[in-house]
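Chemist: What follows is a structure written as structure tokens; I'll ask about it next.
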Amino acid sequence: MNNIHFPVYTLLLLLATAVVIPIIGKESFSRLKTLMMVTLPASWLLSVMTFLKVNQEGGFVYNFGNWSEKIGIQFIIDEFSALMSLFILTVSFFVILYSLKDIEHEIDPDQFSGYYTLIFILLFSMVGITFSNDLFNMYVFMEILSLTSCSIISIKRKKDNYMAALRYLVLNTIGSLSVLLGMALLYMVTGHLNVTEAARNIAEIYQLYPTNLLLAVGFMVTGMGIKAAVFPLHIWLPDAHSSAPTPSSALLSGIVVKVYIFTIIKILFKLLGIDIVNSLGVPQYITYFAAVGMIMGSVFAIGQKDIKRMLAYSSVAQIGYIFLGLGLASEQGLSAALFHVIAHALMKSALFLSVGAIIYKTGKRDIRELNGIGYEMPITMTVFTVAAFGMIGIPGINGFMSKIYLSFAVLDADKPVFLVIILISSFLNAFYYLPIVISAFLRENKERKSIMALEKIPRGMLIPMVCFALASIIMGFYPQIVMDVIEKAVPTFFLMGN
């Protein structure tokens with residue numbers, strides 16, 4: 001297997017599908033479904049083949065048009081980017097499968113083709129960011145991602161959606177300008193936009209222009225932090241995730257914000273290198289913000305009555321876990337962070353999709369109105385319970401292993417205070433997830449009898465939810481399936497830029 005074009009084929013297939021959807025979608029939604037159910041597995045298969053090639057033969061560089069990396073577009077397909085592109089397309093496939101039925105009650109039929117066009121452009125930009133090895137094209141893909149993310153929030157013709165989309169657009173524009181200014185400062189002193197080329201002489205440049213590098217990193221990390229919704233730069237996220245259609249919420253929380261975290265990892269560890277990052281004091285500040293986010297995200301979640309808004313604030317806390325791993329600036333910490341990226345995507349997708357099924361069936365979003373819902377929708381609430389237990393850190397689910405890996409990384413870094421914060425955050429998670437589970441299965445509802453009956457919702461919605469829950473359990477019992485790949489990819493970050 002020596003075809004190096006698989007990553008490009010993946011991008012072209014996603015982009016071509018986005019172009020064809022408006023034509024097909026106007027004629028028939030059933031044809032649109034058929035098109036997506038052909039192209040999505042095909043793009044996923046290409047990503048699998050790319051992943052297998054990298055794991056068998058090692059990573060490789062792809063220069064478009066054989067131009068020099070100094071002036072051309074360059075992709076680096078290594079263990080990290082191959083794993084993350086596969087992760088993005090796998091989660092997206094199940095969310096889109098779920099959406100084919102759920103979207104019918106979320107938006108108007110005349111918007112279907114426009115919505116899925118945006119979704120495929122969204123996927124195109126996320127995979128593009130993951131592969132890109134030059135700052136200019138990272139930024140271009142980032143802007144495409146920001147605009148499509150804003151659009152899938154505002155797709156519902158409601159005032160709340162328009163306001164949430166406007167807030168998202170304003171704050172993400174500030175983030176984009178911050179990132180652009182940081183990249184300009186970095187280009188000023190390195191003379192390169194290619195990450196590998198800029199990293200070659202970064203140590204010497206740091207000695208000559210330490211202030212430029214400090215400002216560049218500050219602007220880029222702050223801008224990415226806004227887009228990734230790290231506390232306290234998260235203020236756009238609760239409204240955006242709670243008001244968007246359920247599939248959009250799952251994509252935004254599960255994978256979109258994680259793509260910006262991937263970019264931070266590239267800039268900090270591949271471009272600057274661990275020595276310079278430590279010299280600038282970046283890890284220290286990241287861990288402080290992460291620790292506060294882990295606590296405050298959960299505190300805000302406790303006070304919510306709308307269940308989707310509660311899940312949105314929960315994401316703020318979970319992003320704190322990921323940034324804590326990054327802030328440790330160690331192989332063990334970065335491995336724990338990447339493991340939690342995948343674990344959280346599975347759990348949070350299961351949570352949003354199960355909540356979407358409840359809204360689809362009952363129209364209820366208020367947590368106080370969910371008494372006895374476990375009898376009416378046992379499969380849905382079982383999925384919700386599995387994912388909620390994972391968020392809390394119950395053994396046997398991937399969330400528990402995330403916290404175990406992160407705890408070991410914290411102790412290895414000789415920072416036990418963060419272990420206390422992990423335990424407090426887990427307790428707070430239990431404080432807002434357990435009451436929902438208890439109410440669903442152990443409290444009676446005056447409106448309906450407490451008789452267990454399988455819910456009547458489309459299989460296309462049930463299957464993705466159950467798959468996410470099962471994947472969370474399998475990953476909880478067999479974490480090395482994922483961690484072995486992560487541990488193979490992580491050392492490459494500590495060999496570059498130093």
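Chemist: Across region 156-176, which residue is farthest from residue 134 (Cα to Cα) among those that are crowded, with 22+ Cβ neighbours inside 10 Å and in contact with a Phe, Trp or Tyr (Cβ under 8 Å, 6 or more places away or on another chain)?
Modeler: Of everything passing the filter in region 156-176, 164 is farthest from residue 134 (Cα to Cα).
Chemist: Which of the numbered conditions does residue 134 fail, given that it passes all the others? Conditions: (1) closer than 30 Å to residue 350 by Cα; (2) in contact with a Leu (Cβ under 6 Å, 6 or more places away or on another chain).
Modeler: (1)
Chemist: Something else: Answer yes or no as to whether residue 91 is within 28 Å of residue 362 (Cα to Cα), in a helix (DSSP H, G or I), in contact (Cβ under 8 Å) with a residue 60 or more places away in the chain and touching a Leu at 6+ places or on another chain (Cβ under 6 Å).
Modeler: It is false that residue 91 is within 28 Å of residue 362 (Cα to Cα), in a helix (DSSP H, G or I), in contact (Cβ under 8 Å) with a residue 60 or more places away in the chain and touching a Leu at 6+ places or on another chain (Cβ under 6 Å).
Chemist: Which ones in region 210-221 are surrounded by 17 or more Cβ atoms within 10 Å (Cβ to Cβ) and either under 16 Å from residue 326 (Cβ atoms) or modelled with pLDDT of 85 or more (or both)?
Modeler: 214, 216, 217, 218, 219, 220, 221, listed by residue number.
Chemist: Go through (1) surrounded by fewer than 20 Cβ atoms within 10 Å (Cβ to Cβ); (2) in a helix (DSSP H, G or I) and name the single condition residue 304 misses.
Modeler: With (1) surrounded by fewer than 20 Cβ atoms within 10 Å (Cβ to Cβ); (2) in a helix (DSSP H, G or I) applied to residue 304, the lone miss is (2).
Chemist: Condition (residue is among the charged types (D, E, K, R), farther than 20 Å from residue 49 by Cα and not in a strand (DSSP E or B)) applied to region 115-134: is it met by at least one residue?
Modeler: no
Chemist: Of the conditions (1) under 21 Å from the mean Cα position of the chain (by Cα); (2) surrounded by fewer than 23 Cβ atoms within 10 Å (Cβ to Cβ); (3) of a type outside the set (Phe, Trp, Tyr), residue 43 fails just one. Which one is it?
Modeler: (2)
Chemist: Between a residue in region 4-25 that is in a helix (DSSP H, G or I) and any residue that is of a type in the set (D, E, K, R), which pairs come within a Cβ distance under 8 Å, given they are 6 or more apart or on different chains?
Modeler: 6/53; 24/31; 25/31
Chemist: Another question about this same structure. Can you name every one of the helices (runs of 4 or more DSSP H) wholly within region 170-252 that holds 1 or more residues which are closer than 30 Å to residue 90 by Cα and of a type in the set (S, T, N, Q)?
Modeler: So the answer is 195-200, 210-228, 237-243, 246-251.
Chemist: While we're on this one: Can you tell me which residue among 424, 404 is surrounded by fewer than 17 Cβ atoms within 10 Å (Cβ to Cβ), free of Cβ contacts under 8 Å to residues at least 24 places away in the same chain and part of a helix (DSSP H, G or I)?
Modeler: The match here is 404.
Chemist: Considering each of 42, 82 in turn, give the residue that is more than 22 Å from residue 148 (Cβ to Cβ), of a type outside the set (Val, Ile, Thr) and either assigned to a helix (DSSP H, G or I) or in contact (Cβ under 8 Å) with a residue 12 or more places away in the chain (or both).
Modeler: 82
Chemist: Output the residues belonging to region 133-160 that are under 18 Å from residue 227 (Cα atoms) and over 17 Å from the mean Cα position of the chain (by Cα).
Modeler: 135, 136, 137, 139, 140, 151, 154 - these are the residues of region 133-160 that are under 18 Å from residue 227 (Cα atoms) and over 17 Å from the mean Cα position of the chain (by Cα).
Chemist: While we're on this one: For residue 200, state whether it is without any contact (Cβ under 8 Å) to a residue 40 or more places away in the chain and surrounded by fewer than 22 Cβ atoms within 10 Å (Cβ to Cβ).
Modeler: Criteria met by residue 200.
Chemist: With surrounded by fewer than 19 Cβ atoms within 10 Å (Cβ to Cβ), assigned to a helix (DSSP H, G or I) and touching a residue at least 40 places away in the same chain (Cβ under 8 Å) as the only criterion, which of 277, 299, 316 stands out?
Modeler: Exactly one residue qualifies, and that residue is 299.
Chemist: Just checking, which of 102, 108 is among the charged types (D, E, K, R), touching a residue at least 12 places away in the same chain (Cβ under 8 Å) and surrounded by fewer than 19 Cβ atoms within 10 Å (Cβ to Cβ)?
Modeler: Only one candidate qualifies: 108.
Chemist: Confirm whether residue 78 is acidic (Asp, Glu) and in contact with a His (Cβ under 9 Å, 6 or more places away or on another chain).
Modeler: When the stated conditions are applied, residue 78 does not pass them.
Chemist: Here's something else I'd like to know. Taking region 177-195 as the search range and keeping residues that are under 25 Å from the mean Cα position of the chain (by Cα) and β-branched (Val, Ile, Thr), which one is surrounded by the fewest Cβ atoms within 10 Å (Cβ to Cβ)?
Modeler: Looking at residues that are under 25 Å from the mean Cα position of the chain (by Cα) and β-branched (Val, Ile, Thr), I get 195.
Chemist: What do you reckon, is residue 346 closer than 18 Å to residue 389 by Cα, hydrophobic (A, V, I, L, M, F, W, C) and in contact (Cβ under 8 Å) with a residue 24 or more places away in the chain?
Modeler: Considered against the rule, which asks whether it is closer than 18 Å to residue 389 by Cα, hydrophobic (A, V, I, L, M, F, W, C) and in contact (Cβ under 8 Å) with a residue 24 or more places away in the chain, residue 346 comes out as yes.
Chemist: Only one of 146, 132 is of a type outside the set (A, V, I, L, M, F, W, C), crowded, with 22+ Cβ neighbours inside 10 Å and touching a residue at least 40 places away in the same chain (Cβ under 8 Å). Can you tell me which?
Modeler: 132
The values are calculated or read from the model by the stated rules, or taken from the named source; none is laboratory data. Bear in mind the structure is a predicted one, so any value in this text is a computation, not a measurement. Don't worry about glycine lacking a Cβ; one is built from the backbone with ideal geometry, like all the others, and counts go over all protein chains shown.
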